[in-house]
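The values are calculated or read from the model by the stated rules, or taken from the named source; none is laboratory data. These numbers come from a predicted model, not from an experiment. Neighbour counts are summed over all protein chains in view; Cβ atoms, including those assigned to glycine, are modelled from backbone coordinates with ideal geometry.
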Amino acid sequence: MGKIELEKGETVDSLLKKIDMDRLPEHIAIIMDGNGRWAKKRFLPRTAGHRKGVERVKDIVKAAGNLGIKYLTVYAFSTENWKRPKDEVNSLMTLLIEFLNKELEEMHSNNIKIKVLGDLKSMPLRVRDEVEKSIEKTKNNTKMVFNIALNYGGRQEILEGIKRTVTDINNNKIKIEDLDEELFGNYLYTANQADPDILIRTSGEERISNFLLYQMAYTEFVFTDVFWPDFKEEIFYKCIIEFQHRKRRFGGI
């Protein structure tokens with residue numbers, strides 16, 4: 001099947017009926033791409049695209065939670081995104097704070113746990129404080145884990161995991177002969193979480209951009225040409241339906 005797009009007559013209700021609720025992905029990861037191009041197409045500043053994209057985050061978190069998805073991870077800000085213009089970076093930080101301020105109570109009431117994947121200590125203090133407040137408030141929630149990949153880089157995560165592993169070996173906390181894939185996974189940001197079953201990337205790009213490199217060894221990739229600000233609930237469901245049509249062999253026959 002090619003890239004996912006919405007067909008005429010498809011609705012939320014019609015698509016929900018096609019989803020096998022007994023075969024839902026446990027973990028969905030999303031690269032939210034295309035905010036800037038969405039804005040440019042409408043002769044708007046890039047910040048307008050990012051603001052519209054935040055609305056989609058809210059919608060997809062709600063849709064995933066209602067379906068019963070256990071883990072949802074969104075790529076919000078990469079270690080490479082610091083290269084963007086300062087004004088755009090500042091706008092992204094402000095939007096993140098606004099999102100958490102507005103949505104925290106509802107996510108908490110919906111039993112959603114917020115986690116951050118990435119180097120939070122290197123973030124601006126105003127962002128760090130807001131994120132840490134959200135993490136603390138929702139830490140005991142159990143319905144769904146909402147991972148925000150923030151100041152995140154896949155290679156950086158692996159290197160940091162190796163450093164922590166070596167430190168524990170040197171301090172006799174673990175034995176090197178006991179080190180395996182499962183144990184090493186405990187040194188990554190996603191410790192105790194299932195690996196992503198599906199990666200969704202919007203805007204027509206087909207690369208993983210240094211995202212969850214270790215965890216996506218057997219992840220199914222689903223791409224759509226739709227820009228993230230137009231990524232509605234219906235397309236989210238179509239991506240899940242496409243995933244359910246895949247035959248996952250994990251190296252077998």
Restricting to the stretch 94-109, name every residue that is out of contact with any strand residue (DSSP E or B) (no Cβ under 8 Å at 6 or more places or on another chain) and either of a type in the set (Asp, Glu) or farther than 15 Å from Thr138 by Cβ (or both). Thr94, Leu95, Ile97, Glu98, Glu103, Glu105, Glu106
When you scan the stretch 200-209, do you find a residue that is in contact with a Gly (Cβ under 6 Å, 6 or more places away or on another chain) and either modelled with pLDDT under 95 or closer than 28 Å to Tyr237 by Cβ (or both), even just one? yes
In this structure, does Ile158 turn out to be closer than 22 Å to Asp195 by Cβ and touching a Phe, Trp or Tyr at 6+ places or on another chain (Cβ under 6 Å)? yes
Residues Thr138, Thr165: which one is free of Cβ contacts under 8 Å to residues at least 40 places away in the same chain, more than 22 Å from Lys70 (Cβ to Cβ) and surrounded by 17 or more Cβ atoms within 10 Å (Cβ to Cβ)? Thr165
So, in the stretch 26-58, of the ones that are of a type in the set (D, E, K, R) and surrounded by fewer than 18 Cβ atoms within 10 Å (Cβ to Cβ), which residue ends up nearest to Val222 (Cα to Cα)? Glu26
Expected output for the stretch 239-253 (first residue more than 27 Å from Glu5 (Cβ to Cβ), partner modelled with pLDDT of 75 or more, Cβ below 7 Å, 6+ apart or cross-chain) is Phe250/Tyr218
Residue hits (the stretch 14-47; touching a strand residue (DSSP E or B) at 6+ places or on another chain (Cβ under 8 Å) and more than 16 Å from Thr202 (Cα to Cα)) are Pro25, Glu26, His27
Polar (S, T, N, Q), out of contact with any Pro (no Cβ under 8 Å at 6 or more places or on another chain), buried (at least 16 other Cβ atoms within 10 Å of the Cβ) and at pLDDT 95 or above: is that true of Asn110 in this structure? yes
